[in-house]
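Everything on this sheet refers to the single structure shown next.
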Amino acid sequence: MITKIYKSLRSLCALSLLCALCASCDDMFNPADENNRTEDAMYEESKYAHGLLIYGYDRLPYITTTQTDIATDDAVTNVTSSAYLNMATGTWASDYNPMSQWDNCKDGIQYVNLFLSKVERVKWAPSAASKQQMFVDRLKGEAFGLRALFYYYLLMAHGGYGDDGVLYGVPLLLTPEDGSSDFNQPRATFADCMKQIFADCDSAMLLLPDHYEDIFDNNAIPEKYRALGAEYSGFNLVFGTKARNLMSAKIAEAIKAQAALLAASPAFRDQSGVTSAEAATLCANVLKRIGGMDGFDPTGNVWYKNKTKLDPAAAEMPEILWREDRHKNADQERENYPPTLYGQGRTNPSQNLVDAFPMRSGRPITDANSGYDPQNPYANRDPRLSDDVIYNGMTFRKTTIITGTYPNENNETDDNLNSIGTSTRTGYYLQKLLRDDVSPLSSSLIEQQHIYPRIRYTEMFLAYAEAANDAWGPKVDQAGAGFTAYDVIKAIRKRAGLGTDEYGRELPEGDSYLEECAGDQAKMTNLIRNERRLELCFENKRFWDLRRWQMPLNETVKGVKIDRNEETGVLTYHYMDVEERRYDSSYQWYGPIPKAELLKWSNLKQNKGWQ
């Protein structure tokens, strides 16, 4: 039993470390009794207490590089030891789960709960009642928003049906655990978890501002703080630009909408208590903050190429709702540049994904009227293809990348299919998210600023389109958004350059394929899903989308082998199977509860099909 309690309190052990780190310099020379910090010290020292919330932020569940797509039909990797590769090829189990969010998010919840239990007793600004209240409100709001986020990710990764036919979420823990806690807690229903996520998001939205920005007029201060004597300098200290990128009301509202879309998806909708109409309305609320379609960023699909705004000191991007600044590095480029550019070529886009990009006319390549030429497969394609994927013969960083079986102009073959250990396995290399002004070679290293989008507005537009189409059809707006699913997809495709000829001129018939889909709800569903696949590719979304849509997980990943006739120069394309996916969709649409937890706690139920 002692061992069980010790493992369950691993978060508190980290808290003890925090206490040691927060010891004052004075204690180094004049140690307190036994050099221990008491809980009472937390209430007198705000930095000490704030550390709990910082530990919560440290457990944000976002992956900041391209990783999980290699476990889907969108990509493979040349790293044979990859946990995601192993998972996708048959080793996914309750005791081997690279997608697990259990430990990280539960630790985050423990820190947040500890913080919420103490925040109102801490002296954040003892000399000013207005500052004290503003700090309490902001910090509580941040904590509520973080807890909602952690539960959202836990539901994505571990929500599912038990053998009894009930849709379960995870144990709901709203108070901090300690040595006297009952750790043997059952899973709450998925619906109850959703209610808690909604409640936490609502609490965060009541306490937090939409944006963190400085003001210069006391009249701009909310009345509740003015009544306490607040002035704009104190308001800026708490709610000003220095707090930018922390949890805000608009971020909490977006998390609520994301969770609603998950709950209204085919995998969960029967027992989640959330409808597509509700999800569409919540997504619309997020988008109303930027004026709906008026806030649609015309360059949002290539935000990662906007170098002037990638600097953390630059103004916020209109495409990015919440971001993580990663500062100068060459990590993503070092991992994914082709070998001739001194990269490791780790993420290899699949032929499956390449085939999902339509023609420039907007029609799928499988459409008889698309004009697709199998002997010239990259001609007149959706411009997003050449933005996101490096294919044979493309020029990238002033270098011609040859992924076929013949050398480039410098007689180099390292970029060729399966040429060396860092070569592509599919005939394609990743381009999306990479900066072309980075040099990963150690002897001539050039690093650049990077950011990672935690939440993009395009994702929220797509979420609205998906839910609105599911609830009311392509051209109906019952959420009061001022736009429909059709309007969103039309804007996204127009931004991408679809419905135009090879010179970028609008076709007389416009985007005729979109118009066909607009008259058929099922066709529009497929189109929206494909647009989401393209717009969000390599941003770690595909795995979760396939599962919540209950689409096949085991589609074999394909690639292309390109040979050249040395006499005529004619290229021949041979499409091939690269990697079989070994998932079982009968139960793996829902992730497992960790086996180690089931062995410890008898009240936990496993999801159906998992051992």
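The values are calculated or read from the model by the stated rules, or taken from the named source; none is laboratory data. As the structure is a computational prediction, the values presented were derived from the model and not from experiment. Please note: Cβ atoms are built from the backbone with ideal geometry, for glycine as well, and neighbour counts cover all protein chains shown. Note: areas computed on protein heavy atoms with side chains; ligands, DNA, RNA excluded. Shrake-Rupley method; radii C 1.70, N 1.55, O 1.52, S 1.80 Å.
Here are a few things to note about the model shown:
- Looking only at residues of the stretch 272-299 that are acidic (Asp, Glu) and part of a helix (DSSP H, G or I), we find that the one that is least open to solvent (accessible area, probe 1.4 Å) is 278.
- All conditions but one from (1) without any contact (Cβ under 8 Å) to a residue 12 or more places away in the chain; (2) hydrophobic (A, V, I, L, M, F, W, C); (3) touching a Leu at 6+ places or on another chain (Cβ under 6 Å) apply to residue 476; the one that does not is (3).
- Tally, over the stretch 529-547, of residues that are within 20 Å of residue 591 (Cβ to Cβ) and either of a type in the set (D, E, K, R) or in a helix (DSSP H, G or I) (or both): 8
- First in the stretch 411-422 and outside any loop (DSSP other than H, G, I, E, B), second anywhere and surrounded by fewer than 18 Cβ atoms within 10 Å (Cβ to Cβ), Cβ under 9 Å, 6 or more apart: none
- Residues of the stretch 157-187 that are open to solvent by less than 20 Å² (accessible area, probe 1.4 Å) and under 23 Å from residue 204 (Cα atoms): 169, 170, 171.
- For the residues 603, 526, 565, the requirement of being open to solvent by 40 Å² or more (accessible area, probe 1.4 Å) and either of a type in the set (A, V, I, L, M, F, W, C) or closer than 30 Å to residue 171 by Cβ (or both) singles out 603.
- Residue pairs meeting the criteria (Cβ under 8 Å; at least 6 apart or on separate chains; first without any contact (Cβ under 8 Å) to a residue 12 or more places away in the chain and over 14 Å from residue 265 (Cβ atoms), in the stretch 521-550; second assigned to a helix (DSSP H, G or I) and charged (D, E, K, R)): 523/516
- Helices (runs of 4 or more DSSP H) lying entirely in the stretch 70-188 (those with 2 or more residues that are acidic (Asp, Glu)): 102-116, 129-158
- In the stretch 581-598, the residues that are closer than 18 Å to residue 554 by Cα, buried (at least 16 other Cβ atoms within 10 Å of the Cβ) and more than 22 Å from the chain's Cα centre (by Cα): 581, 583
- Total residues in the stretch 190-223, condition without any contact (Cβ under 8 Å) to a residue 24 or more places away in the chain, of a type in the set (D, E, K, R) and either under 19 Å from residue 129 (Cβ atoms) or part of a loop (DSSP other than H, G, I, E, B) (or both): 2
- Within the stretch 576-603, the residues that satisfy the criterion of being of a type in the set (Lys, Arg) and within 24 Å of residue 104 (Cβ to Cβ) are 595, 600.
- Identity of the residue in the stretch 316-328, acidic (Asp, Glu) and assigned to a strand (DSSP E or B), that ends up surrounded by the fewest Cβ atoms within 10 Å (Cβ to Cβ): 325
- The lone exception for residue 360 - which of (1) of a type outside the set (A, V, I, L, M); (2) open to solvent by 50 Å² or more (accessible area, probe 1.4 Å); (3) over 26 Å from residue 64 (Cβ atoms); (4) in contact with a Phe, Trp or Tyr (Cβ under 9 Å, 6 or more places away or on another chain) it fails: (4)
- For the stretch 462-479, the set of residues classified as part of a helix (DSSP H, G or I) and acidic (Asp, Glu) consists of 466, 470, listed by residue number.
- Scanning the stretch 194-238 for residues that are β-branched (Val, Ile, Thr) and within 23 Å of the chain's Cα centre (by Cα) gives a single hit, 197.
- Single unsatisfied condition, residue 459 versus (1) of a type in the set (D, E, K, R); (2) in contact with a strand residue (DSSP E or B) (Cβ under 9 Å, 6 or more places away or on another chain); (3) outside any helix (DSSP H, G or I): (3)
Every residue, every condition in (1) surrounded by 23 or more Cβ atoms within 10 Å (Cβ to Cβ); (2) at pLDDT 95 or above; (3) of a type in the set (Ser, Thr, Tyr); (4) within 26 Å of residue 304 (Cα to Cα), yes or no:
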{"position": "445", "(1), (2), (3), (4)": "no, yes, no, yes"}
{"position": "449", "(1), (2), (3), (4)": "no, no, no, yes"}
{"position": "455", "(1), (2), (3), (4)": "no, yes, no, yes"}
{"position": "470", "(1), (2), (3), (4)": "yes, yes, no, no"}
{"position": "476", "(1), (2), (3), (4)": "no, yes, no, no"}
{"position": "482", "(1), (2), (3), (4)": "no, yes, no, no"}
{"position": "495", "(1), (2), (3), (4)": "no, yes, no, yes"}
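- Answer from 95, 103 - the residue that is open to solvent by 10 Å² or more (accessible area, probe 1.4 Å), within 25 Å of residue 201 (Cβ to Cβ) and modelled with pLDDT of 95 or more: 103
- Candidate set from the stretch 480-512 (those that are more than 29 Å from the chain's Cα centre (by Cα) and not in a loop (DSSP other than H, G, I, E, B)); member that is nearest to residue 379 (Cα to Cα): 500
- Restricting the stretch 300-315 to residues that are in a loop (DSSP other than H, G, I, E, B) and touching a residue at least 40 places away in the same chain (Cβ under 8 Å), the residue that is most open to solvent (accessible area, probe 1.4 Å): 311
- The stretch 401-436 - residue that is in contact with a helix residue (DSSP H, G or I) (Cβ under 7 Å, 6 or more places away or on another chain) and open to solvent by 40 Å² or more (accessible area, probe 1.4 Å) and, of those, nearest to residue 350 (Cα to Cα): 422
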